[in-house]
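Before any comments, here is the structure.
The values are calculated or read from the model by the stated rules, or taken from the named source; none is laboratory data. Everything quoted here is computed from the prediction, not taken from an experiment. Methodologically, a virtual Cβ is constructed for each residue, glycine included, from the backbone with ideal geometry; neighbour enumeration extends over all protein chains shown. Each accessible area value is taken on the protein alone, full model and side chains, heavy atoms only, with ligands, DNA and RNA left out. Shrake-Rupley method; radii C 1.70, N 1.55, O 1.52, S 1.80 Å.
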Amino acid sequence: MIKIFIRTASLGLLFLFSACNLTQNSTKEKQIIAPTVNAGITKANISEDVLKEELDFLTSNDLKGRNTGSEGIEKAAAYIEGILKKNKVKPYFETYRDSFDVKGSTGYNIIGFVEGTDPVLKKEFLIISAHYDHIGLVSPIANDSIANGANDNAAGSVAVLELAKYFGAASKNKRSILFVFLSAEEKGLLGSKHLAKRLKDEKLDLYVNFNIEMIGVPMVEKDHKAYLTGFEESNLAEKFNEYSEEKVLGFLPKAKEFNLFMRSDNYSFYKEFNVPAQTISSFDFTNYNYYHQVQDEADKMDIPFMADLIESIIPGIYKMANTPTKEIKLNKE
């Protein structure tokens, strides 16, 4: 969740669906189209059925809002691990889990690893991330007290899942990529703070953190598909659009006004590593009314838009993983 303080009633999103019949043994998530390369840019067709299945599971009432330390988020973690393992995306540490303490309970970041193919560049890393936790149970509305967290941030989580599957199958990234599912974002970016410090202590060479947050519905009357927080902090948007050969990322004045750059997990990596670490989002303060509410359910997500956005960001990530030098840089004053 991007932490936003608003005077108006609510921010919105939705996702609904019972996942009682969804299991980790489903074969649907295997439906990934093998990559091709056109002018150095990979293309893919993301299955809308797969996105819907994954959203339905992560937002199901059985997970009770995915609060960190709860049984519900444990089910979400196991589900994500199962998909990574089935698609041969290896764990980065000994297991997929990076555990940390959250006021007496245990939080788990989930980390998949696709090693780079170049003997030198593979020592440099991209982190593609999203938080998969939410706020759990809230004050009931019409006898519903489960904040299912579809837009915030099951939407970003399934995007990272699809990207992990895609790049795991492609095996064309010269730099290494970590696909990271962060917990306890809703409790103050605790999962990302823990992981960023751990990776910094281990001297990871981080090139870029590309964080994905609240991408379930399209923006209104914009000439780009998503905005980038901290737009002016780096040349990431400019280079990413160049790599993608379309205007994928743009600037949203409200994001600067509410300082969203500091309110999502990217900021933890920025503080530790002092490298480009930014969040993409399509929540534009006008297009979704269910922020942190029980109505944020899966049936309110625009799945065709999500599939299109994920497809559109693949070429940019591909190029970031393959340029001979680090072209994404912070803007120095």
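Numerical summary
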quantity	calculated
Neighbours by Cβ (under 9 Å, 6+ apart or cross-chain): first from segment 164-192, part of a strand (DSSP E or B); second among the charged types (D, E, K, R) and open to solvent by 10 Å² or more (accessible area, probe 1.4 Å)	S176/E115; S176/K122; S176/K123; S176/E124; I177/E115
Long-range neighbours under 7 Å by Cβ, at least six apart or interchain, first residue among the hydrophobic types (A, V, I, L, M, F, W, C) within segment 73-87, second part of a helix (DSSP H, G or I)	A76/L58; A76/L63; I80/L161; I83/E29; I83/L161; L84/A164
Residue satisfying condition, being of a type in the set (S, T, N, Q), closer than 20 Å to I83 by Cα, surrounded by 24 or more Cβ atoms within 10 Å (Cβ to Cβ) and touching a helix residue (DSSP H, G or I) at 6+ places or on another chain (Cβ under 7 Å), within set S176, S183	S183
Every pair of residues 6+ apart whose Cβ atoms lie under 6 Å, when the first sits in segment 258-276 and is at pLDDT below 95 while the second is of a type outside the set (S, T, N, Q) and surrounded by fewer than 24 Cβ atoms within 10 Å (Cβ to Cβ)	none
Near pairs, Cβ below 7 angstrom, 6+ apart or cross-chain, from segment 50-62 (touching a residue at least 60 places away in the same chain (Cβ under 8 Å) and under 18 Å from Y166 (Cα atoms)) to any residue that is outside any helix (DSSP H, G or I) and open to solvent by less than 10 Å² (accessible area, probe 1.4 Å)	L55/F15
From the options E257, E272, E311, residue that is within 21 Å of V160 (Cα to Cα) and of a type outside the set (A, V, I, L, M)	E311
Index of the failed condition, G107 passing every other in (1) more than 22 Å from F305 (Cβ to Cβ); (2) of a type in the set (G, A, S); (3) surrounded by fewer than 20 Cβ atoms within 10 Å (Cβ to Cβ); (4) at pLDDT 95 or above	(3)
Some residue of segment 277-290 being within 15 Å of the chain's Cα centre (by Cα), more than 27 Å from R66 (Cα to Cα) and touching a residue at least 12 places away in the same chain (Cβ under 8 Å)	no
Every pair of residues 6+ apart whose Cβ atoms lie under 9 Å, when the first sits in segment 222-241 and is closer than 22 Å to M262 by Cβ and in contact (Cβ under 8 Å) with a residue 60 or more places away in the chain while the second is among the aromatic types (F, W, Y) and surrounded by 20 or more Cβ atoms within 10 Å (Cβ to Cβ)	T229/F261; T229/Y267; E233/F261; E233/Y270; L236/F210; F240/F210
Pairs, first without any contact (Cβ under 8 Å) to a residue 60 or more places away in the chain and under 30 Å from P324 (Cα atoms) in segment 117-146, second polar (S, T, N, Q) and open to solvent by 40 Å² or more (accessible area, probe 1.4 Å), C-beta under 9 Å, six or more apart	T117/S171
